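Participant: Just dropping this structure here.
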Amino acid sequence: MNNAKNCVLLAAIAATAGSSYAFTVVTDASQMSTNNAMTDFENTSISSRGNTFSLDGLTFTSNRGMSTVDISLFPVNGTHVEGMALFPRLDGEVRAPVFPIDIDLATPVAQFGFGWFDPNFAGNVAEFYDGEGNLLASVEPTPGPKFGVHADYVGVMFDEDVIAQVRIIPVETSDVFAIDNISWGAVGEPIPAPGTIALAAGSFMLGIRRRRGCAEAVRQRSARAHPIAMRSNERTTRLPSPVAMHYRGGACSRASRDWRCRTDQVAQ
């Protein structure tokens, strides 16, 4: 990881030292869950959107208005941003000044990330809040060259659905920016740890061995007690019912009292 990314991570940790929730900083869309919802603005047209704009369950607010714009002619198109994007100016002209954008979610989520178009100055920040307005995390994008065009990805992942609002703040009104490819989602199903999978597999194999051991114990005792009956029934799939009942309380049951050692359930 380069020095700029290290600085961003340190800034995120320092700014959220008081947060009671652990989180992971996300620097690329590939780190987000594939089950997340996605808002990429591709189904919108170039248009003014007013001070409040709702799309896909997200509500965007900016005091100076917003527009959906086409950034496909910029060289960073196809990286963290592509095609249509949301720009914090009402007239749709990609130029300064620009102002903060607030994003409110209908339901709190655990993951939230987005592409940040052209952050050029250190100090730009995305702040993540819970439903009570408490700051959960604060992450800065990696700035690009001052007179170039750049894009970065900014996001966080929590273990709980706590993110209710995101605030995107440019450090200078002259640092033109837009947002795109917003990914968000609730906590998914946990993936079993490798040790848990191995334990489950071991238990399954133990069950198979135990059942085979029970079957062998029953077969041997039945053969000794009923040699004629066993020879005449050695091709049947189950012990005759009287034999099975006779040995239900046998040595195998004392060794293991679960259903696999019930002799009337054991196949020959």
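Participant: Just one of (1) closer than 18 Å to Leu58 by Cα; (2) under 17 Å from the mean Cα position of the chain (by Cα); (3) not β-branched (Val, Ile, Thr) trips up Phe158, so point out which.
Facilitator: Looking at each condition in turn, Phe158 falls short on (1).
Participant: Would you call Phe41 assigned to a loop (DSSP other than H, G, I, E, B), surrounded by 21 or more Cβ atoms within 10 Å (Cβ to Cβ) and modelled with pLDDT of 95 or more?
Facilitator: Yes; evaluated as a whole, the condition is true for this residue.
Participant: Restricting to strands (runs of 3 or more DSSP E) lying wholly in the range 48-152: which have 2 or more residues that are within 21 Å of Asp28 (Cα to Cα)?
Facilitator: Hits in the range 48-152: 84-87, 101-109, 111-117, 125-129, 135-139.
Participant: Which of the following residues is under 26 Å from the mean Cα position of the chain (by Cα), surrounded by fewer than 19 Cβ atoms within 10 Å (Cβ to Cβ) and of a type in the set (A, V, I, L, M, F, W, C): Ala85, Ala110, Ala106?
Facilitator: Going through Ala85, Ala110, Ala106 in turn, the sole match is Ala106.
Participant: Now for a different question. Out of Thr24, Thr61, which single residue is farther than 24 Å from Asp175 by Cα and either modelled with pLDDT under 95 or surrounded by fewer than 20 Cβ atoms within 10 Å (Cβ to Cβ) (or both)?
Facilitator: After ruling out the rest, the residue left standing is Thr24.
The values are calculated or read from the model by the stated rules, or taken from the named source; none is laboratory data. All values reported here derive from a predicted model rather than from experimental measurement. Note: ideal-geometry Cβ built from the backbone for every residue, glycine included; neighbour counts use all protein chains shown.
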